[in-house]
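Worksheet: one structure, shown below.
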Amino acid sequence: MKDLYRLLPEEMEKLVMELGQPRYRADQILYPIYNKFPKDISEILQLPTSLRDKLIAEGYTIGSAKEVNRIVSEDGDTTKILLNLVDGNPIETVLIQYPTSKINGHPRSTICVSTQDGCAMGCIFCATGQMGFKRNIKAEDIVAQVIHFARLLQERDQHVTNLVFMGMGEPLANYDEMIRAVRLLTDNRCFGLGQRHITISTIGIIKEIDRLADENLQIGLAISLHAPNDKLRRKLVPTAGPHSVNDLISAGRRYYKKTGRRVTFEYALIEGINDSPEVAAELAYLLEGNGSHVNLIPINPTDGNFKRPARRSVLEFERILVNAGVNCTVRVEKGSEISAACGQLRTDIVS
Ligand code: SAH
Ligand code: SF4
């Protein structure tokens with residue numbers, strides 16, 4: 001099946017012209033599919049019936065994702081949806097709303113998309129990593145995750161304000177599809193989300209970080225560091241391999257130089273493993289004067305034997321960084337009771 005959500009504007013123009021139609025028909029497809037979210041080509045009433053029929057006859061579709069399960073947190077702010085993609089494989093996507101943080105009068109509504117089913121990186125504290133790698137997700141299916149929530153939000157007179165690539169999988173290990181999705185979601189003739197409202201989180205594939213810096217995009221980058229030295233990092237991220245902590249920090253610096261976007265270092269805090277004051281001091285020493293930002297993520301429970309540190313230790317860790325002049329925040333955790341928080345997404349056990 002060929003999905004119209006895969007096509008960039010120039011590709012859509014090429015398609016309509018191949019079907020014997022004027023170029024402007026491309027926008028008559030793009031505008032409704034990215035603003036009205038029809039579920040079927042036959043619902044795009046702006047198009048002549050003959051063109052709709054032709055597209056259908058050629059095997060084109062839209063909106064291939066089907067919702068199979070939805071769980072909403074008690075406070076109503078986090079929604080986790082299990083979507084069946086075109087190949088029938090399920091994927092988890094999460095919406096996190098922040099009712100007190102308004103953007104143009106609407107609550108901040110962040111979609112957390114998955115770029116792979118499973119993940120080959122094997123981080124020991126991450127449920128997705130423990131599933132292993134199953135497959136890459138296509139650009140149109142990354143877009144479909146956003147469109148699905150955009151439709152749901154539109155029904156409430158709200159809209160998608162932010163997008164994070166922090167769901168299942170390693171976005172930079174599925175680079176081409178991930179970047180195509182970013183282009184589709186930010187192009188003004190498509191979804192038109194501001195580049196600055198997008199963040200890509202990576203475990204740190206250096207060559208791809210450099211490639212991303214060269215894309216001439218204004219998207220934010222978050223590098224999952226988790227440790228201030230290689231010995232500890234390799235325990236937590238068994239596939240860290242040749243990527244040393246110092247190399248990651250240099251890659252972050254290069255990204256900042258090229259794009260002007262400050263890089264965030266994510267740090268999953270695990271009790272008794274990487275949360276001691278000594279480790280905090282080592283991290284502070286590594287990052288001070290660097291202008292970088294650290295986002296501490298007290299770990300969410302998964303099947304592993306890892307525990308979230310006591311609140312006291314988290315605050316102490318933060319204090320040590322802040323005292324050294326390192327910009328630092330503790331992630332406000334949402335959705336962990338419905339297994340929708342960072343690192344809890346998996347599709348091998350359907351909740
Ligand atoms: N693969 C990418 C993006 C997906 S993971 C990456 O690793 O960056 C998104 C974030 O969730 C990462 O910072 C990751 O370290 C964090 N994470 C993974 N497992 C977690 C857990 N059990 N608790 C809290 N955060 C976790
Ligand atoms: Fe993959 Fe990110 Fe989970 Fe590591 S933390 S296993 S890179 S999804």
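The values are calculated or read from the model by the stated rules, or taken from the named source; none is laboratory data. Note that the structure is predicted; figures quoted are calculated from it, not measured. Methodologically, a virtual Cβ is constructed for each residue, glycine included, from the backbone with ideal geometry; neighbour enumeration extends over all protein chains shown. When the accessible area is computed, the model is the full protein with side chains, heavy atoms only, and any ligands, DNA or RNA have been set aside. Shrake-Rupley method; radii C 1.70, N 1.55, O 1.52, S 1.80 Å.
Here are a few things to note about the model shown:
- Flag if L163 is touching a Leu at 6+ places or on another chain (Cβ under 9 Å), open to solvent by 10 Å² or more (accessible area, probe 1.4 Å), at pLDDT 95 or above and closer than 19 Å to S109 by Cβ: no
- Flag if S101 is over 28 Å from P309 (Cβ atoms), more than 12 Å from ligand 2 (Cβ to nearest atom) and open to solvent by less than 50 Å² (accessible area, probe 1.4 Å): no
- The set of residues in segment 236-255 being under 16 Å from V279 (Cβ atoms) and within 13 Å of ligand 2 (Cβ to nearest atom) consists of L236, V237.
Let's see how each residue does on (1) assigned to a strand (DSSP E or B); (2) within 16 Å of ligand 1 (Cβ to nearest atom):
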residue	(1), (2)
I33	no, no
S50	no, no
I56	no, no
V68	yes, no
D75	no, no
Y98	yes, no
S109	yes, no
T128	no, yes
I142	no, yes
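- Pairs, first assigned by TED's automatic domain parsing to the domain that holds F165 in segment 109-131, second among the charged types (D, E, K, R) and more than 8 Å from ligand 1 (Cβ to nearest atom), C-beta under 6 Å, six or more apart: D117/K134; D117/R135; G118/K134; A127/R346; T128/R346; M131/R346; M131/D348
- The number of residues in segment 252-298 that are open to solvent by 70 Å² or more (accessible area, probe 1.4 Å) and either within 13 Å of ligand 1 (Cβ to nearest atom) or on the phi < 0 side of the Ramachandran plot (or both) comes to 11.
- Of the numbered criteria (1) open to solvent by 20 Å² or more (accessible area, probe 1.4 Å); (2) closer than 20 Å to M166 by Cα; (3) of a type outside the set (D, E, K, R); (4) not in a loop (DSSP other than H, G, I, E, B), the one P301 fails is (4).
- Of all residues in segment 233-279, those that are of a type outside the set (V, I, T), within 26 Å of F306 (Cβ to Cβ) and part of a helix (DSSP H, G or I) total 10.
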